[in-house]
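Everything on this sheet refers to the single structure shown next.
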């Protein structure tokens, strides 16, 4: 654990915006986190987590796809070359998508008129399909075609316009709009990487301390090199605030849940020498005027980092979030019948989707389906996203590529928990049924998969 900074440095970090504080409190998950994000970034915990991941990889089993269906690993909420606070490029994103095994990228360009975000990349290359869209007005918008003329229309009209035809629109950053109406929306983010960072104030303080001390800096650089995914994923927590809204709203409407990588490659943390006794702390997208000034008087260990360096020189730089790492942190798997833009849009709108934190293990092949009776050899009657009518004898079956704790929820409440790679149980009443899979990683249970619901309506 790192010591807290002195009061003046702490206050400066808060004022700078480097530390985000929210008043939101999450409800309890299947099991409370045993470690804080800061504790997870110690060498001991990172090593323990990696040992767990390596062990689980040996237990991985390949699950066959249902005939006629593909499991496509996708990324939603991805930024490149779209704003001053985006540090990455589209070619860089493409290269890292190929390396990470991402097959589809749903772009979310920031709205910057007069540029039309639908004029962004819209093709398949090197096995990666790009689908344009925008993060705008609190939504992820993926219309069929340009909506530039409707961008300023009232929200209900805007939502309807974007969602027309095969268009899709998702509520974004739920922590900022938990009570927002879901009327007319395709769905919502059920996880957002940025939210984890915003609520980890202690971890951001710890990071600032590591970057301003030569010994801690060298140790942290080594940890990022050895355990790159574990470092980025150290902040990942159960998104209860998001899931509560999803569970509640899903009882009255169909809502597809997707993960938001919210990746910009803008978390390259830098320390720059401003003068003989002052350093600027910030990221690769911050202008010099936006760097937080830290004085040697407030952080004596800073002196040795500045000695012998030129004014304006970057004396420390640690890259936390290249696209490759962000893509592995969380994925949205889409079960589609074809790898085309039309096929992806159809499958996402239908809710044939599950979300996975892929840094723990490959989730490809995960299935949650229903059958008419116990032991039935018939084809499944429903898959994630489908709506069926309640009848006696319906069974729900879950199969996971990795062993863990499988939790079945009904209208947001736990109904059944199974250890291993399969859960099968009867459905006793109508409602919204969704599944989570948790893995034991480094001595604690951590959420791995969130499946979209199967909607069982009254007969």
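The values are calculated or read from the model by the stated rules, or taken from the named source; none is laboratory data. These numbers come from a predicted model, not from an experiment. FYI the Cβ positions are ideal-geometry reconstructions off the backbone, even for glycines, and counts take in every protein chain you see.
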Practice item. Filter region 428-447 for residues that are at pLDDT 95 or above, out of contact with any helix residue (DSSP H, G or I) (no Cβ under 9 Å at 6 or more places or on another chain) and not in a strand (DSSP E or B) and give the result. Key: 429, 430
**Study point:** Members of region 100-123 that are assigned to a strand (DSSP E or B) and either touching a residue at least 60 places away in the same chain (Cβ under 8 Å) or crowded, with 19+ Cβ neighbours inside 10 Å (or both)
**Key:** 104, 105, 106, 107, 109
Check your understanding: If a residue has to be closer than 25 Å to residue 439 by Cβ and in contact (Cβ under 8 Å) with a residue 40 or more places away in the chain to count, how many in region 215-266 make the cut?
Key -> 33
Revision key, fill the gap. Filtering region 278-302 for residues that are part of a strand (DSSP E or B) and farther than 18 Å from residue 267 by Cβ leaves a count of 5
**Study point:** Residue list for region 340-381, restricted to those being part of a strand (DSSP E or B) and at pLDDT 95 or above
**Key:** 353, 354, 355, 356, 367, 368, 369, 370
Exercise for review: Return a yes/no flag: does region 186-195 have any residue that is without any contact (Cβ under 8 Å) to a residue 40 or more places away in the chain and in a loop (DSSP other than H, G, I, E, B).
Suggested key: no
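Inside region 382-416, can you point out the residues that are outside any strand (DSSP E or B) and under 30 Å from the mean Cα position of the chain (by Cα)?
Scanning region 382-416 gives 384, 385, 386, 411, 412.
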Review point. What number of residues in region 322-339 are touching a helix residue (DSSP H, G or I) at 6+ places or on another chain (Cβ under 9 Å) and not in a loop (DSSP other than H, G, I, E, B)?
Key: 12
Exercise for review: Working only within region 401-414, note down all residues that are buried (at least 16 other Cβ atoms within 10 Å of the Cβ) and more than 11 Å from residue 439 (Cα to Cα).
Suggested key: 401, 407, 408, 409, 410, 411, 412
Practice item. Examine region 56-76 for a residue that is at positive phi and at pLDDT 95 or above, and state whether such a residue exists. Key: no
Revision key, fill the gap. Exactly one of 145, 178 is assigned to a loop (DSSP other than H, G, I, E, B), touching a residue at least 12 places away in the same chain (Cβ under 8 Å), exposed (fewer than 14 other Cβ atoms within 10 Å of the Cβ) and more than 18 Å from the chain's Cα centre (by Cα), and that residue is 145
Study note, to complete from the structure: Scanning region 276-312 for residues that are within 30 Å of residue 89 (Cβ to Cβ) and free of Cβ contacts under 8 Å to residues at least 40 places away in the same chain gives 280, 286, 287, 288, 289, 290, 291, 309, 310, 311
Check your understanding: Would a scan of region 322-333 turn up a residue that is farther than 20 Å from residue 234 by Cβ and at pLDDT 95 or above?
Key -> yes
